[in-house]
Amino acid sequence: MLKKFAKYVSQNMLGMVGMSVYILADTYFISVAVGTDGITALNLVLPVYNLIFAVGAMMGVGSAIRLVIERNQKNPDADGYFFHALLWAFIVSLLFMFVGIFLPDKLIALLGGDAKIIAVGKNYTRIFMSFAPLFMWNYICNAFVRNDGNPSIAMAATLFSSLFNIVFDYVLFPLGLSMEGAALATALSPVVGILICCIHFRSEKCTIKLKPVLPSVRKIFFCCKYGVSSFVGEISSGVITIVFNMIILGLAGNTGVAAYGVVANASLVAVALFNGVAQGSQPLISEAYGKDIHKDVKTYLKMAVTTAIGVSVLLLIFIYLFAPVVTAVFNGEHNQMLADYAENGLRLYFIGFLFAGINIVGTSILSAVESTGYAFAASISRGFVVIIFFAFLLSTLFGLNGVWLAFPAAEFVTMLITIKGLWMIRFVDKNS
């Protein structure tokens, strides 16, 4: 079991970190070509990117979980889940495409951008939102490949799509495309991920079928219920970013938002690591749960939570030692105020990952064993309710330091809910 767990989790961690490199590469090249205004513009529209990925994650992971469970229960309708998820992702993505093509300036203004930031970020937003279906399809294909017992292909898909993104950034920036080049590189990279996933779909080992079905609102909501933790895991970064941007604009202006851009980009890698643990252990737990092997569910649970705690400690040590180095990567203008804000922010903000790791992994496990009540409560707490409450409360009391500390406070409170849900798994069997 340990060998199988290590294989799934390590490959998914690498894959998810590779996926997070999308934004890291854009931020680095934009910081070099455009400077602080470019980072500010990117950070303001980052929540939209989070939302697109979150919807794809909710549909993909939720549908993949239902496929595993219903296939183990010999349900003949299980084969329609893959096509159904792809179809609904396209339907939902039409809204993102419309806003991106026709209203990008109004969207940036709504998110807090002034005239200068709108001018810098308008074309970037228009381009990446126009490719929303590809982002969602890439996530869905990856989730199904992973749940079909091929984490190696899923990892390769995310790593090579991210590598494509970095190479294209490097190629397009010297041509003077700057923000537009970053957007185009990011928008096209999911194509690489989808094509690599097709290697599994065309293999003899593939059990996934592209069975056409009509779109069903009831069925997609049923699937989304099981993918809600993945949705909130992705969207929480976007919600936090919006709230923090609004507060920081009032406390420290555009430079403060740029500093938060550095913190947010570093946290993307941290969240990716925990999502890798969560999504690597989820297929194993779903399979054990579907077969009613509750002993294996508990064993995988212990492995996943222990791994999350270990990663949390290593991340915190790294940030405390290398916060100046991380900041310098995105501070091409050598702005001392930006450096001071970002280094302090990294050290305070990353305390929250001591608790966030347990929450991200825990909510995924709770969804995998159909404990959706606890998964939903923990997800809503960390992604919306508690984090917003602490952001306003602590920023009022402690200024910018309070903004950075809101994340640790919210994750600690949420952890109490998550731990209670995980504890209940010890006593409740599937058929009891």
Could you identify the single residue in Cys223, Cys197 that is in a helix (DSSP H, G or I), buried (at least 22 other Cβ atoms within 10 Å of the Cβ) and touching a Cys at 6+ places or on another chain (Cβ under 8 Å)? Cys197
Could we say that Ala323 is in a helix (DSSP H, G or I), at pLDDT 95 or above and under 17 Å from Leu24 (Cβ atoms) here? yes
For segment 384-399, give me each residue that is closer than 20 Å to Phe353 by Cβ and within 25 Å of the chain's Cα centre (by Cα). Phe384, Val385, Val386, Ile387, Ile388, Phe389, Phe390, Ala391
Checking Glu234 against (1) open to solvent by less than 20 Å² (accessible area, probe 1.4 Å); (2) within 23 Å of Val386 (Cα to Cα), which test does it fail? (1)
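Residue by residue, here is whether (1) open to solvent by 10 Å² or more (accessible area, probe 1.4 Å); (2) touching a residue at least 60 places away in the same chain (Cβ under 8 Å) holds:
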position	(1), (2)
Leu346	no, yes
Gly373	yes, no
Ala410	no, no
Gly421	no, no
Just one of Gly250, Gly181, Gly261, Gly256 is open to solvent by 50 Å² or more (accessible area, probe 1.4 Å), in a helix (DSSP H, G or I) and more than 30 Å from Glu370 (Cβ to Cβ); which is it? Gly250
Cβ-Cβ below 8 Å, separation at least six or inter-chain, first residue in segment 253-275 and within 22 Å of Ser364 (Cα to Cα), second among the basic types (Lys, Arg) and open to solvent by 10 Å² or more (accessible area, probe 1.4 Å): which pairs? none
Output the number of the condition that Thr299 fails; it satisfies all remaining conditions of (1) touching a residue at least 40 places away in the same chain (Cβ under 8 Å); (2) over 30 Å from Gly421 (Cα atoms); (3) out of contact with any Leu (no Cβ under 8 Å at 6 or more places or on another chain); (4) open to solvent by 40 Å² or more (accessible area, probe 1.4 Å). (2)
Of the numbered conditions (1) open to solvent by less than 10 Å² (accessible area, probe 1.4 Å); (2) over 23 Å from Ile240 (Cα atoms); (3) under 15 Å from the mean Cα position of the chain (by Cα), Gly18 satisfies every one except a single condition; which is it? (2)
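The values are calculated or read from the model by the stated rules, or taken from the named source; none is laboratory data. Note that this is a predicted model, so its numbers are computed, not measured. Cβ coordinates were reconstructed from backbone atoms using ideal geometry, including for glycine residues, and neighbour counts include every protein chain displayed. These accessible areas exclude ligands, DNA and RNA; they are computed on the full protein's heavy atoms, side chains included. Shrake-Rupley method; radii C 1.70, N 1.55, O 1.52, S 1.80 Å.
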